[in-house]
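**Student:** Provided herewith is a single structure, encoded as structure tokens, for subsequent inquiry.
The values are calculated or read from the model by the stated rules, or taken from the named source; none is laboratory data. Everything quoted here is computed from the prediction, not taken from an experiment. Glycine gets a Cβ as well: all are built from the backbone with ideal geometry, and neighbour counts include every protein chain shown. Ligands, DNA and RNA are stripped out before the accessible areas are found, and what is left, the full protein with its side chains, is counted by its heavy atoms. Shrake-Rupley method; radii C 1.70, N 1.55, O 1.52, S 1.80 Å.
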Amino acid sequence: MWALLVLIGAASVSAHPQDLSFDGQKVFRVIPQNDEQVEILNFLASIMEVDFWQPDSVTLVRPKMQVDFRIEAEKSFDVEDLLKESGMEYQVLIDNLQAALDAQFDSKARTGGHSYEKYNDWDTIAAWTADIAAQNPGLVSRSVIGETYEGRPMYLLKMGKSSPNKKAIFMDCGFHAREWISPAFCQWFVKEAVETYGKDTVMTTLLDKLDFYVLPVVNIDGYIYTMTNDRMWRKTRSKNDGSICIGTDPNRNFDAGWCTVGASKSPCAATYCGSAPESEKETKALADFIREHLSTIKAYLTIHSYSQLLLFPYSYTYSLPSNYQELNSIASAASKELASLYNTKYRYGPGAETIYLAAGGSDDWAYDQGIKYSFTFELRDTGRYGFLLPESQIKPTCEETLLAVKYIANYVLEHLY
């Protein structure tokens, strides 16, 4: 078997890491049963380009863990042979990535403009932020909280009826560039807020008594890159000194156990923690805004995909937060609310225990700033489509997630501190 591995490795020097057609690329799911099988995956990652979808780095792989990863077309048969020979349980989740990629765009809403049921590009989202504020002046305002590495303005929407001394909830989407369903949810949430204000009693009360800050896309440069160059891109697009590799994982770039576990010091890694906490302009802008509004922000919600999880601190340590019981019961109730619509099952719990240790995340950072209600959503699905969730699932995903977000927001309103 090791001979086979060496053979695969020898054939694997590619001049370009990404030829940008995903034709024939496969996504495998394996469940390594023991340390030896974990070691095989480590070796595989060391000799070829392996894109880990879940967990997001080979260093996090443990026995009995479900592992999803993507392999280049010309290596996929070798890898399949290797998995068979090693006796590792596996399945092919996606047989041809390009076909899955094309199939994402199955929405009937192929309009030229903005649509809540399709994946909008950044220019469309930026124009939408201006429009939604202009059309709802009594409820929505837009500001710029910073700019990205490539110089794009980071638009923030503030929603709520104007009145003095209001507390607020901060929500962001689009940390990881390839998680397209995430920005789709932030747009949906804003739409629901303006459309149901004055009709839905819960939403009306929330907007009367709280403000919502919504950052529709954190990692704008990366998001654009997934639409123009590489659909599987994850990180920011900043240059790294002394390396040809681009980008930092913005969700490993916060000062919360920074770069201690579940993050990489290598600029070429998908989970690169950056040269220092808040080295990325995007994470610094977000952190600065929250620090400036710490007296009013009482909850922090960050939206990712995929896995169907509702997580809360901590991810950088197995230690539990002081209000663990409370966070756990909120997550439990919110997951029930979410499942009430389409029976979508979510797992919930502290990040480290529920999935794996990962330092430098925004949710842990926000919690350590004193925001005691801090949650991370990992939206649909559990791997059938992974990051390539079809547009036909945008509406149901957003509808069910909205129920959980409203539950949390209402809880926060009733437990202001």
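**Student:** Counting alpha carbon pairs within less than 8 Å and at least 6 residues apart, what relative contact order, in whole percent, applies to the chain?
**Tutor:** In percent, rounded to a whole number, it is 16.
**Student:** What percentages make up the Cα-Cα pair-distance distribution of the chain when the bins are 20 Å wide from 0?
**Tutor:** That works out to 27, 59, 13, 0, in percent per bin.
**Student:** Beyond 12 Å, how much of the Cα-Cα pair distribution for region 135-189 remains, as a whole percent?
**Tutor:** That tail contains 74 percent of the Cα-Cα pairs.
**Student:** Highest first, please rank the peptides 316-325, 170-179 by the mean number of other Cβ atoms sitting within 10 Å of their residues.
**Tutor:** Answer by packing, highest mean first, reads 170-179, 316-325.
**Student:** Can you give the helix-only mean residue ellipticity at 222 nm for the chain, where every DSSP H stretch with n ≥ 4 adds -39500 (n - 2.57) and the sum goes over all residues, rounded to the nearest 500 deg cm²/dmol?
**Tutor:** Mean residue ellipticity, 222 nm, calculated: -11500 deg cm²/dmol.
**Student:** Under 17 Å Cα to Cα from LYS395, which aspartates and glutamates show up? Leave out anything in the same chain fewer than 8 places away.
**Tutor:** Qualifying aspartates and glutamates at Cα under 17 Å: ASP106, GLU117, GLU179, GLU192, GLU195, GLU337, GLU378, ASP381.
**Student:** Of LYS166/LYS336; LYS118/LYS235; LYS265/LYS372; LYS199/LYS281; LYS191/LYS265; LYS118/LYS199, which ones are farther than 32 Å apart at the Cα?
**Tutor:** Checking Cα-Cα distances, LYS199/LYS281; LYS191/LYS265 exceed 32 Å.
**Student:** Please state the shape class of region 263-334: rounded when a/c is under 1.5, otherwise prolate if a/b exceeds b/c and oblate if not, all from the C-alpha gyration tensor.
**Tutor:** Since a/c reaches 1.5 but b/c is at least a/b, the shape of region 263-334 is classed as oblate.
**Student:** Using just the C-alpha positions of region 141-255 as equal point scatterers, what log10 of I(q)/I(0) does the Debye formula give at each q in 0.15 1/Å?
**Tutor:** -0.72
**Student:** Then there is this: Could you pull out every one of the lysines with an alpha carbon less than 18 Å from that of LYS84, ignoring same-chain neighbours closer than 8 positions?
**Tutor:** LYS26, LYS64, LYS75
**Student:** Over all directions, what mean area does the Cα convex hull of region 93-205 project, stated in square nanometres?
**Tutor:** 9.7
**Student:** Two decimals, Cα atoms only, Kirkwood Rh: what is Rg/Rh over region 43-152?
**Tutor:** With Rg and the Kirkwood Rh in hand, the quotient comes to 1.15.
**Student:** Still on this structure, I have one more. Leaving out ligands, DNA and RNA, what percent of the accessible area of the chain is carbon and sulfur, probe 1.4 Å?
**Tutor:** 51
**Student:** For every other residue with a beta carbon closer than 12 angstrom to the beta carbon of ASP35, add +1 if it is Lys or Arg and -1 if Asp or Glu, then tell me the sum.
**Tutor:** Here the charged neighbours net out to 0.
**Student:** While we're here: Going by amide H atoms built from the backbone, whose H comes under 5 Å of the H on TYR314, apart from near neighbours?
**Tutor:** GLY351, ALA352
**Student:** Now for a different question. For the chain, just give the cysteines left without a disulfide-compatible partner, judged by no other Cys Cβ under 4.7 Å.
**Tutor:** Singleton cysteines: CYS398.
**Student:** For helix 281-292, report the angle its Cα long axis makes with the longest principal axis of the Cα atoms of the chain; keep it between 0 and 90° and round to the nearest 10°.
**Tutor:** In the chain, helix 281-292 runs at an angle near 30 degrees to the longest axis.
**Student:** State to the nearest 20 debye the size of the charge dipole of region 122-415 about its Cα centre, where the only charges are +1 on K and R beta carbons and -1 on D and E beta carbons.
**Tutor:** Its charge dipole is roughly 180 debye.
**Student:** Follow-up question, since we're still on this one. Any idea what diffusion coefficient region 26-103 gets from Stokes-Einstein, in µm²/s, Kirkwood Rh on alpha carbon pairs, 25 °C, 0.890 mPa s?
**Tutor:** The Stokes-Einstein estimate is 197 µm²/s.
**Student:** For the chain, what is the accessible area per residue in Å² when the probe is 1.4 Å?
**Tutor:** On a per-residue basis, 39 Å².
**Student:** Show me 328-334, 196-202 ranked by packing, highest mean number of other Cβ atoms within 10 Å first.
**Tutor:** Put in order of decreasing packing, that is 328-334, 196-202.
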